[in-house]
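Notes follow once the structure below has been shown.
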Amino acid sequence: MEDEHQCCPIERTLSVIDGKWTILILRDLFDGTRRFGELRRSLDGISPKTLSQRLKGLGAQGIVERVIYPEVPPRVEYSLTERGKSLRAILDQMRTWGSL
């Protein structure tokens, strides 16, 4: 039997956008495809380990797509999936609320 909180849409949403770094990663990816280094530079204070963990988690949830190009050195790019793009309205509302 499922826990009643697991069925809660708000809790499911929070499980995706959990924490400061995840929200800021999403914010940056709304502007388009980014490489790991670009994300790291734009997110002042994030460690490479944390960024990597967040990106892997978002990938596992179907929010972020990771594309590896067979080049030397390898080029890896991150972008939002359609599911990830659907979070834009939520973050836009957070931005509006935060501006009050």
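Structure notes:
- Axis of helix 20-29 versus longest Cα principal axis of the chain: the two differ by about 60°, to the nearest ten degrees.
- Neighbour net charge for ILE68 - beta-carbon separation under 10 angstrom, K R +1, D E -1: 0
- On Cα atoms only, tilt of 48-60 relative to the major axis of the chain in degrees: 60 degrees
- For the chain, the mean residue ellipticity at 222 nm estimated from helices alone is -15000 deg cm²/dmol, where every DSSP H run of n ≥ 4 contributes -39500 (n - 2.57) and the total is divided by all residues, rounded to the nearest 500.
- Principal-axis tilt of helix 88-98 within the chain, Cα atoms, nearest 10 degrees: 70 degrees
- Distant alpha-carbon pairs in the chain (separation over 21 angstrom), percent: 37 percent
Readers should treat all values here as calculations from the given coordinates under stated rules, not as data from a laboratory. Everything quoted here is computed from the prediction, not taken from an experiment. In this analysis, Cβ positions are derived from the backbone assuming ideal geometry, glycine residues included, and neighbour counts consider all displayed protein chains.
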